[in-house]
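One structure is given here, and the rest of the page talks about it.
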Amino acid sequence: LAKTTQPISMDSYEGQEVNITCSHNNIATNDYITWYQQFPSQGPRFIIQGYKTKVTNEVASLFIPADRKSSTLSLPRVSLSDTAVYYCLVGDTWGSQGNLIFGKGTKLSVKP
Amino acid sequence: KAGVTQTPRYLIKTRGQQVTLSCSPISGHRSVSWYQQTPGQGLQFLFEYFSETQRNKGNFPGRFSGRQFSNSRSEMNVSTLELGDSALYLCASGQQGETQYFGPGTRLLVL
């Protein structure tokens, strides 16, 4: 399973765009990139998933360069409620044999 | 569709006791995975069930076990509880080829 590296923490202010980059140098051909958001004492919430180029949904965009060795989660105009831990995962959509490998995630703090 | 539900949401037990946690997956999902989350170790995979069969298991002692019923509901059991078993236990359900969706978790405190 491809290992991911992402910043431990990031600070931002309300209304700003936040970009969190994840490195996954050993990503396999059939691996997807998935991002989850987690608030304290809650289960991780699926944000977005992509394979290549750009994916956008109602909450975020995911940018994946051609070599797929990294990806960037973009959160437009963050608010205080976006303060959470964000996890980047790579693997097949299922997770190899049904399991997802979580790293330490990026703790995003949004300030007023 | 209703999301993944877990019961109970909070639980307090003492060392040596056993505990059973329950998870109801999203309707139509046949796979259920269990995870343990602690401040020190983060999110760790326990095991995954698909169509009542355990397909994969993480690196946890045999005190941790689970099962899945024909309606895809799943239970996990921890016997002879230790203080270090205090954690948030998360259940996730999914369909083959799709991502996993997590429940709210069960917070277990072992005293």
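The values are calculated or read from the model by the stated rules, or taken from the named source; none is laboratory data. The shown structure was predicted, so the numbers you read here are calculated from the model rather than taken from an experiment. For neighbour counting, all protein chains shown are included, and Cβ atoms are generated from backbone atoms with ideal geometry for every residue, glycine included. Heavy atoms of the whole protein, side chains included, go into the accessibility calculation; ligands, DNA and RNA do not. Shrake-Rupley method; radii C 1.70, N 1.55, O 1.52, S 1.80 Å.
Residue farthest toward the positive end of the dipole of the protein assembly as shown, with Cβ of Lys/Arg at +1 and Asp/Glu at -1: which of B:Gln95, A:Ile20, B:Thr80?
Working it through, the farthest residue towards the positive pole turns out to be B:Thr80.
If I take every Cα pair under 8 Å that is 6 or more residues apart in chain A, average their sequence separation and divide by the length, what percent do I get for the relative contact order?
On the way: 281 pairs, mean separation 41.1, N = 112.
Relative contact order for chain A comes out at 37 percent.
How much accessible surface area, in Å² rounded to 10, belongs to the heavy atoms of A:Phe46 with a 1.4 Å probe?
60
Among the listed pairs A:Lys3/A:Lys52; A:Lys54/A:Lys107; A:Lys52/B:Lys57; A:Lys3/A:Lys111, which have their C-alpha atoms separated by more than 27 angstrom in this model? Please report the intermediate quantities before stating the final value.
Working: A:Lys3/A:Lys52 18 Å; A:Lys54/A:Lys107 23 Å; A:Lys52/B:Lys57 30 Å; A:Lys3/A:Lys111 30 Å.
Checking Cα-Cα distances, A:Lys52/B:Lys57; A:Lys3/A:Lys111 exceed 27 Å.
If you add up the charges near B:Gln37, with Lys and Arg at +1 and Asp and Glu at -1, over every other residue whose beta carbon is less than 15 angstrom from its beta carbon, what do you get?
+4
Relative to the isolated chain, which residues of the range B:42-83 have their accessible area cut by 10 Å² or more in the presence of all protein chains (1.4 Å probe, heavy atoms, no ligands or nucleic acids)?
Checking the loss per residue gives B:Leu43, B:Phe45, B:Glu48, B:Arg55, B:Asn56.
If you take the accessible area of A alone plus B alone and subtract the pair, what total do you get in square angstrom, rounded to 100, with a 1.4 Å probe?
Numbers: alone 6510 and 5960 Å², together 10820 Å².
Buried area between the two chains comes out at roughly 1600 Å².
What average count of beta carbons from other chains do you get within 10 Å of the Cβ of residues in A:36-47? Walk me through the numbers on the way to the answer.
Numbers: counts 5, 0, 5, 0, 1, 7, 6, 16, 9, 3, 6, 0.
Mean partner shielding for this stretch: 5.
How large is the accessible surface per residue of the range A:1-80, computed with a 1.4 Å probe and reported in Å² as a whole number?
Details: 4420 Å² over 80 residues.
Value for the range A:1-80: 55 Å² per residue.
Given the Cα-Cα distance of A:Asp11 and A:Val59 and 0.36 nm per residue of separation, how much length would full extension add, in nm?
On the way: separation 48, 0.36 × 48 = 17.28 nm, distance 1.87 nm.
Result: 15.4 nm gained on full extension.
If you plug each phi of the range B:99-110 into the Karplus form 6.51 cos²θ - 1.76 cosθ + 1.60 with θ = phi - 60°, what whole-Hz ³J(HN,Hα) values come out, in order, with x for Gly and Pro?
Karplus values, whole Hz, x for Gly and Pro: 6, 9, 10, 9, x, x, x, 10, 8, 10, 10, 10.
I need the phi-derived Karplus couplings for the range A:102-112: 6.51 cos²θ - 1.76 cosθ + 1.60, θ = phi - 60°, integer Hz, Gly and Pro marked x.
Along the range A:102-112, the couplings run 9, x, 7, x, 10, 8, 9, 10, 9, 10, x Hz.
Amide H neighbours of A:Gln16 under 5 Å, counting only residues 5+ apart in sequence or on other chains, H built in-plane at 1.01 Å?
Sorted by chain and number, the residues that satisfy this are A:Val78.
For chain B, what does the equivalent ellipsoid look like in terms of its semi-axes, each the square root of 5 times an eigenvalue of the Cα gyration tensor, given largest first in whole Å? Please list the in-between numbers first.
Details: eigenvalues 102, 37, 33 Å².
Here the semi-axes work out to 23, 14, 13 Å.
Considering Cα pairs under 8 angstrom that are at least six residues apart, work out the relative contact order of chain B and quote it in whole percent.
Values: 285 pairs, mean separation 40.4, N = 111.
Taking the mean separation of contacting Cα pairs over the length of chain B, I get 36 percent.
In vacuum, with every alpha carbon of chain A counted as one equal point scatterer, what does the Debye formula give for log10 I(q)/I(0) at q = 0.16, 0.22 Å⁻¹? Two decimals, please.
-0.67, -1.24
May I ask you to give the percent of accessible area on chain B that is carbon plus sulfur, with a probe radius of 1.4 Å?
Values: 2530 of 5180 Å².
Exposed carbon and sulfur together represent 49 percent of the surface.
Under 4.7 Å Cβ to Cβ, no partner at all: give me those cysteines from the protein assembly as shown, in residue order.
Taking the Cβ cut-off of 4.7 Å, the protein assembly as shown has no unpaired cysteines at all.
Which value, to two decimals, describes the C-alpha radius of gyration of the protein assembly as shown once divided by 2.2 N^0.38 Å?
Values: Rg = 17.6 Å, N = 223, 2.2 N^0.38 = 17.2 Å.
The protein assembly as shown yields a ratio of 1.03.
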